[in-house]
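The next block holds one structure in the form of structure tokens; read it before the comments.
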Amino acid sequence: MRFRHIPAAVALILAVPAAAQPVSDDGRVNYAIAFPNRAHHEADIAATFTRLPPGPLRIQMARSSPGRYAIHEFAKNVYSVSAADGAGRPLRIVRTDPYGWTVEGHDGTVRFRYTLFANRGDGTYSQVNSAHAHLNIPATFAFAPALANRPVALSIATPDPAWSVATQLIPGREGSWHARDLQYFMDSPIEIAPLRERRWAASEPGRNSVIRLMVHSADSDADLDRYAAMAERIYRAHVALWNDIPNYDGGTYTFLADYQPYASGDGMEHRNSTYIVGTQSLADGKFEQIDTLSHELFHAWNVERLRPAELEPFDFTRANPAPTLWFAEGFTNYYGPLLMRRAGVSGVDRYLKDLGETLTYVTTWPGRRYGSPREMSLRAPFVDAATAIDPVNRSIFTSYYPYGATIALALDLTLRQRGQATLDDMMRLLWRSHGAPERPYTIDDLRLALGTASRDPAFADTFFRESIDGSALPDFAPLLAQAGLTLRPAHPEKPYLAGAALTADKGAVVVRDNPEPGSPLYVAEIGANDRITAVAGKPMATQAAWSKAAAAMKPGQPVAMTVESLGKTRTVMVTPAADPTLEIVRDETIGKTPSAQQLAFRQAWLGDEGSMLPPQEKPAT
């Protein structure tokens, strides 16, 4: 994820099955992969290391992956390991830890072979089956840490003549791809499948860059054309914001779009590509796929080149946390949907609905009481697709994705209110100072950039002290009112009990998680795994009974609940609160008349409300 330039590499010819590939003795690391047992999710992989100094060679699997912040134990899917020297003689393998292997007695060459089991199609893991090979490199290929600076060559034995390969790796001769070093190789996912392509020119003066959309799905060409048209519109909106395009290595940026029922929903950014994975059809009219595309595309600027210092370089042996994920991920979470709106891909009301949900979560959830955006960013290794069997108190965490998006909203509207700059100006300034030259930033660099963009360093110092090191947020109602928008409770007449799931199970309603601190169930000391057996004297034996009882509750009116907890039964009075859900609505939809000044503010921020993608628009080819 940290790479700047990839020199041309000599091709490795694929003429025989991957496991038997000859390799050049020029010091590069040579990989070959084949799929003879893909029906059972296996890949055969060979890695050849040459020009080795005397002594044992350490080979291991990664424990983390670019774009992820938690530990992932990829070695668990590796087995049938063997090693041989340059003459084909078996070598001794010593295993002293679960993550790798030490090969002894080599003659300057080690040929390392293994089988990989791969059956999760998302941005972190790999999936091999009869329909495709979906490869995240750290989850797939073992590496030698001592050789991390060497060039890498990969040959792929494509198992079906109808399948093609999509990746940001630099192509060589047929069946071969190359990377400058291990860092770039590990950051370069691969999709091998019956792919369909749509492309357009980046259209930047002096640049010949191409944007490719490589799609593996069962959707029609018409649906794919529609999706590609939206993608191109979104891309243009991103370029307009930054007023520049990244220097794509090889001149190409590739979307690897995998929409299959056997995949897992995800999106993962990489330097010159991104994985977008989902189970939905492109024809279902939902926005999840294109929303993910917009978010991951923003990362081509913010994270991949405008990079936190803590991720430079990326360490594949440990978790890679950073205190600025509220900016790296959170500001990306703000701009992804906003640039869809400016592109005319989504309407204003759709955008405001989603923004209201974000504000509801961040401003009403108790997580901010327990930590600032910096603190929540540093908790990433515990939550970013990490798993544990012990229960956690979810109330203490506010995700840095919506938290950062809310900070971005507050900052954008406040800067626009001040009249000196917008958040767009701050992002462009950071791009010029740190992104385009690829100079990693620190949290102080972000503070200084805000001071420069706002022309008020004292304002920047105060904002960072209160809202980044602290947890303060502004009153959003007057900020949104500038755009002729009203922030209000969405359902004040509905009752609210816990902020935790309550579902019927074996004759009672079970509290599935810790109730939100301060919520009615929390105050009544009803906790996780407690069972509500009756409400107002009526048994809660079914989900229908609970739904009926909940619908009859009124905010502020106490109700008796019979609760089983740790083998004891008690009856307590619970007073439902009002539903805290917020919504943002255009004033003109609720009988108000926004002024010309408010409408101009809204248009400058959200774009032209009439600019929507025509149904049959197709992308340039």
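The values are calculated or read from the model by the stated rules, or taken from the named source; none is laboratory data. This one's a predicted model, so the numbers in the text were calculated from it and none came from an experiment. Note: ideal-geometry Cβ built from the backbone for every residue, glycine included; neighbour counts use all protein chains shown.
Selection of the stretch 107-148 for residues being in contact with a Gly (Cβ under 8 Å, 6 or more places away or on another chain), in contact (Cβ under 8 Å) with a residue 40 or more places away in the chain, closer than 19 Å to ASP85 by Cα and of a type outside the set (A, V, I, L, M, F, W, C) yields GLY108, THR109, ARG111.
Go through the stretch 256-282 and count every residue that is free of Cβ contacts under 8 Å to residues at least 40 places away in the same chain and touching a strand residue (DSSP E or B) at 6+ places or on another chain (Cβ under 8 Å).
Narrowing the stretch 256-282 to residues free of Cβ contacts under 8 Å to residues at least 40 places away in the same chain: 261, 274, 276, 278-280.
From what's left, touching a strand residue (DSSP E or B) at 6+ places or on another chain (Cβ under 8 Å): 274, 276, 278-280.
Count: 5.
Filtering the stretch 473-499 to residues that are in contact with a strand residue (DSSP E or B) (Cβ under 6 Å, 6 or more places away or on another chain) and touching a residue at least 12 places away in the same chain (Cβ under 8 Å) leaves PHE476, LEU480, LEU485, THR486, LEU487, ALA490, PRO492, TYR496.
Beta carbons closer than 6 Å, at least 6 apart along the sequence or on distinct chains, pair a first residue in the stretch 446-461 that is in the same structural domain as ASP425 (by TED's automatic domain parsing) with a second that is in a helix (DSSP H, G or I) and basic (Lys, Arg) for ALA460/ARG447. Any residue at all in the stretch 12-25 that is surrounded by fewer than 21 Cβ atoms within 10 Å (Cβ to Cβ), part of a loop (DSSP other than H, G, I, E, B) and modelled with pLDDT of 55 or more? Yes; the residues of the stretch 12-25 include at least one that is surrounded by fewer than 21 Cβ atoms within 10 Å (Cβ to Cβ), part of a loop (DSSP other than H, G, I, E, B) and modelled with pLDDT of 55 or more.
Counting residues that are over 17 Å from the mean Cα position of the chain (by Cα) and under 23 Å from PRO580 (Cα atoms), which helices (runs of 4 or more DSSP H) fully inside the stretch 325-372 reach at least 2?
Numbers: elements: 325-328, 330-342, 348-364.
Of the helices (runs of 4 or more DSSP H) lying wholly inside the stretch 325-372, those with at least 2 residues that are over 17 Å from the mean Cα position of the chain (by Cα) and under 23 Å from PRO580 (Cα atoms) span 348-364.
Give the number of residues within the stretch 100-120 that are out of contact with any Ser or Thr (no Cβ under 8 Å at 6 or more places or on another chain) and more than 21 Å from ARG28 (Cβ to Cβ). Reasoning before the result, please.
Step one: filter the stretch 100-120 for residues out of contact with any Ser or Thr (no Cβ under 8 Å at 6 or more places or on another chain), giving 100-101, 103-107, 117, 119.
Subset that is more than 21 Å from ARG28 (Cβ to Cβ): 104-105, 117, 119.
Looking only at that region, the number is 4.
Would you be able to say whether some residue in the stretch 178-188 is more than 16 Å from ASN272 (Cβ to Cβ), in a loop (DSSP other than H, G, I, E, B) and among the hydrophobic types (A, V, I, L, M, F, W, C)? No: zero hits. For the stretch 278-321, the set of residues classified as surrounded by 24 or more Cβ atoms within 10 Å (Cβ to Cβ), touching a Gly at 6+ places or on another chain (Cβ under 6 Å) and within 22 Å of PHE185 (Cβ to Cβ) consists of GLU296 only. Checking each residue in the stretch 362-394 for being among the small types (Gly, Ala, Ser) and out of contact with any Ser or Thr (no Cβ under 9 Å at 6 or more places or on another chain) picks out ALA380, ALA386, ALA388.
Taking GLU588 as meeting all but one of (1) under 34 Å from the mean Cα position of the chain (by Cα); (2) under 24 Å from GLY344 (Cα atoms), write down the number of the exception. With (1) under 34 Å from the mean Cα position of the chain (by Cα); (2) under 24 Å from GLY344 (Cα atoms) applied to GLU588, the lone miss is (1).
Of the residues making up the stretch 567-613, those that are modelled with pLDDT of 95 or more, of a type in the set (A, V, I, L, M, F, W, C) and either farther than 21 Å from PHE476 by Cα or surrounded by fewer than 11 Cβ atoms within 10 Å (Cβ to Cβ) (or both) are VAL572, MET573, VAL574, ALA577, ILE590, ALA596.
Return yes or no: is THR332 over 30 Å from GLY470 (Cβ atoms) and either assigned by TED's automatic domain parsing to the domain that holds SER377 or not basic (Lys, Arg) (or both)? Spelling it out, it is not the case that THR332 is over 30 Å from GLY470 (Cβ atoms) and either assigned by TED's automatic domain parsing to the domain that holds SER377 or not basic (Lys, Arg) (or both).
Of note, PHE255 does not satisfy the criterion of being modelled with pLDDT under 90, under 20 Å from TYR335 (Cβ atoms) and not acidic (Asp, Glu).
Within the stretch 551-580, restricting attention to residues that are outside any strand (DSSP E or B) and in contact with a Gly (Cβ under 8 Å, 6 or more places away or on another chain), the residue that is nearest to LEU355 (Cα to Cα) is PRO576.
Every residue in the stretch 413-426 that is over 16 Å from PRO457 (Cα atoms) and crowded, with 19+ Cβ neighbours inside 10 Å, please. Spell out how you get there, then give the answer.
Residues of the stretch 413-426 that are over 16 Å from PRO457 (Cα atoms), as a first pass: 413, 416-417, 424.
Matches in the stretch 413-426: LEU413, ARG416, ASP424.
Collect the residues in the stretch 487-504 that are within 19 Å of ARG586 (Cβ to Cβ) and either in contact with a Phe, Trp or Tyr (Cβ under 9 Å, 6 or more places away or on another chain) or surrounded by fewer than 16 Cβ atoms within 10 Å (Cβ to Cβ) (or both), keeping them in residue-number order. Result: LEU487, ARG488, PRO489, HIS491.
What residue, of THR96, THR124, THR115, is part of a strand (DSSP E or B) and among the hydroxyl-bearing types (Ser, Thr, Tyr)? Even if it seems obvious, please write down each step before you answer.
Working: THR96 fails: part of a strand (DSSP E or B); THR124 fails: part of a strand (DSSP E or B).
The match here is THR115.
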